[in-house]
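Report on one structure; see the data block that follows.
The values are calculated or read from the model by the stated rules, or taken from the named source; none is laboratory data. Owing to the predicted nature of the structure, the values given are computational and were not obtained by experimental measurement. Please note: Cβ atoms are built from the backbone with ideal geometry, for glycine as well, and neighbour counts cover all protein chains shown. To get the accessible areas, we keep the full protein, side chains included, count just its heavy atoms, and leave off ligands, DNA and RNA. Shrake-Rupley method; radii C 1.70, N 1.55, O 1.52, S 1.80 Å.
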Amino acid sequence: MIITSERISLKHLLTAEALSDQEVMGLIHRAQQFKRGASWRPFKQYFATNLFFENSTRTHKSFEVAEKKLGLEVIEFEAGHSSVQKGETLYDTVLTMSAIGVDVAVIRHGQENYYDELIQSKTIQCSIINGGDGSGQHPTQCLLDLMTIYEEFGHFEGLKVAIVGDLTHSRVAKSNMQMLKRLGATLYFSGPEAWYDKQFDVYGTYLPIDEVVPQVDVMMMLRVQHERHEAGESFSKEAYHQEYGLTEARAAQMKQTGIIMHPAPVNRDVELADKLVEGLQSRIVAQMSNGVHMRMAILEAILEGKA
């Protein structure tokens, strides 16, 4: 990755922590420019494809809109109607896309670190953007979250941020905790202790949710990842909401300047009360909107790298 005097240039985007602080802030500022109406067009025809092997609405369609806003040709891909059904591996799918001229592949896959094999290949030439790898990383969600927080407060240093919920299974939590701590925020964790890993202690402090709510600037709630839990594992939605969720009563204890975030989709009345999702302190809709602008900035940086 190279910093130019005018634009950030990336070959791939695999993890958030691989970015320098300068690159992170550069992407945030560029995304803000796109949000204010800036435009960019590639100097030649570029092809992008979105290879999603796990279900997605926000990330998948956000990238598609970003690609089309930048004037890229989008090559459609549906895993259920591809040679994946014949046993084709991820490597061979990406190899094929690269061979037919795709320049950028946005990939979401259930295998953690799936990208290691792809970027080590001497044959695959397309750039890889990680749209989520298992319970590993979600760098583009992290960057749009950082953008949303920066828009609200104008800085990260000294902010108090709580990350609450299904921490062990959340790639969003892992990406965000690393970057927020590095940028100077103070982190708190909460949620079921069974879904907390002691390795997170290096990033912040675990506290019961009722101790966290009144003191933080950002309540970052996480979706309960049913699909990553062991078979037979179950819980009461009502009990979870009362014990670990952001109820209306808890939200009333927040700072007046505090904001609520969630990567979505939201399990309403589980992670947070239904009325809070689009409430005055919620920035969930802003996160979704910012996702398009941040992904435009990322795609531009990738294509600047190719240029």
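Some notes on this structure:
- The single residue among 56, 39 that is closer than 29 Å to residue 155 by Cα and not acidic (Asp, Glu) turns out to be 39.
Here's the yes/no breakdown for (1) modelled with pLDDT of 95 or more; (2) open to solvent by 10 Å² or more (accessible area, probe 1.4 Å); (3) touching a Leu at 6+ places or on another chain (Cβ under 7 Å); (4) within 20 Å of residue 14 (Cα to Cα):
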position: 233; (1), (2), (3), (4): no, yes, no, no
position: 240; (1), (2), (3), (4): no, yes, no, no
position: 254; (1), (2), (3), (4): yes, yes, no, no
position: 259; (1), (2), (3), (4): yes, no, no, no
position: 269; (1), (2), (3), (4): yes, yes, no, no
position: 283; (1), (2), (3), (4): yes, yes, no, no
position: 292; (1), (2), (3), (4): yes, yes, no, yes
position: 302; (1), (2), (3), (4): yes, no, yes, yes
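- Scanning segment 191-227 for residues that are polar (S, T, N, Q) and without any contact (Cβ under 8 Å) to a residue 40 or more places away in the chain yields 199, 205.
- Filtered by the rule that a residue be hydrophobic (A, V, I, L, M, F, W, C), out of contact with any Leu (no Cβ under 9 Å at 6 or more places or on another chain) and open to solvent by 10 Å² or more (accessible area, probe 1.4 Å), segment 133-153 gives no residues.
- Residue tally, condition open to solvent by less than 30 Å² (accessible area, probe 1.4 Å) and either part of a helix (DSSP H, G or I) or closer than 26 Å to residue 142 by Cα (or both), over segment 75-96: 5
- Residue among 189, 156 that is in a loop (DSSP other than H, G, I, E, B), in contact with a Leu (Cβ under 7 Å, 6 or more places away or on another chain) and within 23 Å of residue 281 (Cα to Cα): 156
- Residues that are exposed (fewer than 15 other Cβ atoms within 10 Å of the Cβ), among the hydrophobic types (A, V, I, L, M, F, W, C) and touching a residue at least 60 places away in the same chain (Cβ under 8 Å), drawn from segment 19-44: 43
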